[in-house]
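Participant: The structure is given below, and queries will be raised subsequently.
The values are calculated or read from the model by the stated rules, or taken from the named source; none is laboratory data. Note that the structure is a prediction, hence the values are computed from the model and not measured. Every residue, glycine among them, receives a Cβ derived from its backbone with ideal geometry; neighbour counts consider all protein chains shown. In case anyone asks, the SASA skips ligands and DNA or RNA and just uses the protein heavy atoms, side chains included. Shrake-Rupley method; radii C 1.70, N 1.55, O 1.52, S 1.80 Å.
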Amino acid sequence: PRAAQITMLSSHHALQLQGSTPTRAPPLQTRPSRRRVEACVATPVDQSTASSSTASVLQLGEQLRRDFPVLDQEVCGNPLVYLDNAATSQKPLQVLKAMDDYYLGYNSNVHRGVHTLGSKATAAYEVARQKLAVFINAASSREIVFTRNATEATNLVANTWGLANLKPGDEIILSVAEHHANLVPWQLIAARTGAILKHVGLTATQELDLQQFKTLLSPRTRLVSLVHVSNVLGSVLDTSYVVEEAHKVGALVMLDCCQSVPHMPLDVRALGADWVVASSHKMCGPTGIGFLWGRYDLLDTMPPWMGGGEMIQDVFLDHATYASPPARFEAGTPAIAEAIGLGAAVDYLTTIGMERIQQYEHDLGGYLHERLSAVPGVTVYGPTPKQAGARGRASLAAFNVQGLHATDVSTLLDMSGVAVRSGHHCTQPLHRLLGISSSARASAYIYNTHAEVDTFIASLEETIGFFGLG
């Protein structure tokens, strides 16, 4: 099982570090956010008075909260309810400790020196790659390319495979629901190559219209690049259908899995796609690192994108030869601590179990949608849980309140201690299609609880009442 493989990798790496890490510094102190709304400043919660569940079996969210000290604070005199997880997740102590251990105990560059610290840093960096490969069931760790984020991973594919293979008249299929990170790179490449962009629309239930998708496919289709889970609609793509139909016409498939990797088991070999991109910071890992997964035979055909150290085999004054993947695409000193932190995040999620996470979020997300949909004057975007069917929908809900701007709603919710996102969520074309300029979005994760959903709804109803609309 994948969990056992990741545990074995962690144990092996721990043995490598034994007897050489200096005495630990005092643990990291929890520092509350200094974020401010008018006179509101976040302050830590007194743990002696903090409420706790008396149930014999705690919900998953209640069990995990002790690992996330940032959640134990007050904002504007109210307990923090963090519901902006689709933007970024919080980081558990285990991840912070792994990064802290690197900087305090064996900080060094990777793949360069043979000295002890350099060897340990290199081992930790590559073990993180191996853990991630096991986590998504890649055939080899050589199929994992570390990038700054999912955006860079998409741009990497666009500027290597895209520039090398796309010609005038070739077609790229995207959708109206894509994040800007899966629209703008292909717009830039289309402008340079003469390729044509096509876009999948929405059904009446606000899911990607796969019947229309099939009509867009043609012998000129070279690439299909779609979002696996929408960060606004919460809809989950039928990847089996998309991959099968795209491959029938010889097109390659890339999936944006930023909103799926943190929330459900993901098997890239079962998906059948040719590339997958995702980010660390949405899956309990640090910012500043993401990854590209690609079939190795495909990665090996892709030319370099950035030049410099690490990505070369031999360098001469007038030319160079290049390393094999993944090193070919990791020029310069990488984000070493961040990769180690991502490996620790993989350990953390694996210990919980991705099937357990998916089930918990299915229940919590359903409860969030049910409560929010019942508030008068609220429109929730995307399919209902019933309409979504067996694929389900994400534990997020983008919404608007009739007569109120999303930013006003979010600002007043924040004054009640509830953190939600407002804006276009990097999906301006989708918002235009929906006939809106912005929306508010509540998105839950593993450490959120049903009680927090209740607090959010009560605060929202109070906000609506403040504007005299209740």
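Participant: State, to one decimal in nm², a quarter of the convex hull surface area for the C-alpha atoms of the chain, i.e. the direction-averaged projected area. All intermediate terms of the calculation are to be shown ahead of the outcome.
Facilitator: Working: hull surface 98.5 nm².
Computed as one quarter of the Cα hull surface, the answer is 24.6 nm².
Participant: Mean residue ellipticity at 222 nm from the helices of the chain, using -39,500 (n - 2.57) per DSSP H segment of n ≥ 4 over the full residue count, to the nearest 500 deg cm²/dmol?
Facilitator: Values: 16 runs with 172 residues, N = 470.
Taking each H run of at least 4 residues, the total per residue is -11000 deg cm²/dmol.
Participant: Leaving out ligands and nucleic acids, and using a 1.4 Å probe, what accessible area per residue does the chain come to in Å²? Before the final figure, lay out the partial values.
Facilitator: On the way: 20090 Å² over 470 residues.
That works out to 43 Å² per residue.
Participant: First measure r as the distance between the Cβ atoms of Phe466 and Ser373, then evaluate 1/(1 + (r/R0)^6) with R0 = 30 Å and state the FRET efficiency to the nearest 0.05.
Facilitator: Efficiency for this residue pair is about 0.90.
Participant: Which helices, taking whole DSSP H runs in the chain, have alpha carbons extending 18 angstrom or more along the helix axis plus mean Kyte-Doolittle at least 0.0? Before the final figure, lay out the partial values.
Facilitator: Working: long enough: 2-17 (23 Å, 0.19); 116-135 (28 Å, 0.23); 336-352 (25 Å, 1.29); 354-373 (27 Å, -1.14); 450-466 (24 Å, 0.38).
Membrane-span-like by this rule: 2-17, 116-135, 336-352, 450-466.
Participant: Quick one: dipole size for segment 327-470, taken about the Cα centre, charges +1 on Lys/Arg Cβ and -1 on Asp/Glu Cβ, in debye to the nearest 20. Don't jump to the answer; show the numbers that get you there.
Facilitator: On the way: 9 positive and 13 negative charges, 114 e Å.
About 540 debye.
Participant: Over the chain, what is the mean sequence separation of C-alpha contacts under 8 Å (at least six apart), divided by residue count, expressed as relative contact order in percent?
Facilitator: Values: 880 pairs, mean separation 95.2, N = 470.
Relative CO of the chain lands at 20 percent.
Participant: If you place +1 on the Cβ of every Lys and Arg and -1 on the Cβ of every Asp and Glu, how big does the dipole about the Cα centre of the chain come out, in debye to the nearest 20? Can you show the working numbers first?
Facilitator: Values: 35 positive and 41 negative charges, 107 e Å.
For this selection, approximately 520 debye.
Participant: Further, regarding this structure: When the Kirkwood hydrodynamic radius is evaluated over all pairs of different C-alpha atoms of segment 364-455, what value in angstrom, to one decimal, is obtained? Write down the numbers at each step before the final one.
Facilitator: Values: mean 1/r = 0.0729 Å⁻¹.
Value: 13.7 Å, from the Cα pair sum.
Participant: Continuing with this model, one more query. Compare the peptides 262-272, 288-298 by average per-residue count of other Cβ atoms within 10 angstrom and give them in order, highest first.
Facilitator: On the way: 262-272: 18.9, 288-298: 21.5.
Ranked by mean Cβ neighbours within 10 Å, highest first: 288-298, 262-272.
Participant: Just list whichever of Lys131/Lys248; Lys198/Lys248; Lys97/Lys282; Lys91/Lys198 have alpha carbons separated by over 28 Å in the model shown.
Facilitator: Working: Lys131/Lys248 33 Å; Lys198/Lys248 18 Å; Lys97/Lys282 18 Å; Lys91/Lys198 38 Å.
Those over the limit are Lys131/Lys248; Lys91/Lys198.
Participant: Probe radius 1.4 Å, ligands and nucleic acids ignored: give me the carbon and sulfur share of the accessible area of segment 380-424 as a rounded percent.
Facilitator: Working: 880 of 1740 Å².
Roughly 51 percent of what the probe reaches on segment 380-424 is carbon or sulfur.
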